[in-house]
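Worksheet for the structure shown next.
Just so you know, all these numbers are worked out from the coordinates, no wet-lab data involved. Owing to the predicted nature of the structure, the values given are computational and were not obtained by experimental measurement. Here the Cβ positions follow ideal geometry from the backbone for every residue, glycine too, while neighbour counts run over all protein chains shown.
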Amino acid sequence: MIRGILGRKLGMSQIFKEDGKVIPVTLIQTGPCFVIQKKIKEKDGYDSVQLGFGSKKPERVNKPLKGHFDKTGKGCFYFLREVPCDDVSAISAGDEIKAVDVFEKGETVRVTGTSKGKGFAGVVKRHGFGGLPASHGSLIHRATGSIGCSADPSKVIKGKKMPGHMGDKQITVKGLEIVDIREEDNVIALKGAVPGSKGQIVVLRKQGN
């Protein structure tokens, strides 16, 4: 069994339960994904499959990658990701993987995506610093403050919280519940928020993988 799938974040919505309660959900377009390559433990040291998602024109792919795609006969793809697999022997290159083949309604998954980039940010926004005094007479309000260590060791310690690039990092959110699976559209509705903006590629994996 394949233990993950690729998808594209469509945005957020809401679902009403039978008792009238509203559940905030994130909609993920999960396919179709195709098996591009198999990794076996005897040869590669582990069992997994490489999935392709998002069709791409062949003229936009370089020759080595095109040869890699041609082995499946399913065209070329924008995105390639590896996901764990329990039984590689039951899967062949070129197989189509849908959401219902991997997940079922009610189970929890972990989602990996790239968070929204927020550019260069100061310590108040980036790390939640409280800032310096805001009363009359204070000339500095949102500055970092002291960062040095005097004469010994006379340097800034590694890992110091400083201003810098905020966001645009790989984030994994665990324990998101699958509220609904729309088989005809290959869409999964996950309870809660998922990293990234609309259109962002995410990887859904079974909990524990």
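Ordering 39-49, 77-87 by mean Cβ neighbour count within 10 Å, with the highest value first, yields 77-87, 39-49.
Against the globular-protein guess of 2.2 N^0.38 Å, express the Cα radius of gyration of segment 118-166 as a ratio, rounded to two decimals.
Normalised by 2.2 N^0.38 Å, the Cα Rg of segment 118-166 equals 1.32.
Three principal axis extents of the chain based on alpha-carbon atoms, in descending order, are 70, 52, 35 Å. In this structure, the amide hydrogen of A143, modeled 1.01 Å from its nitrogen in the peptide plane, lies closer than 5 angstrom to those of L132, counting only residues at least 5 positions away or on a different chain.
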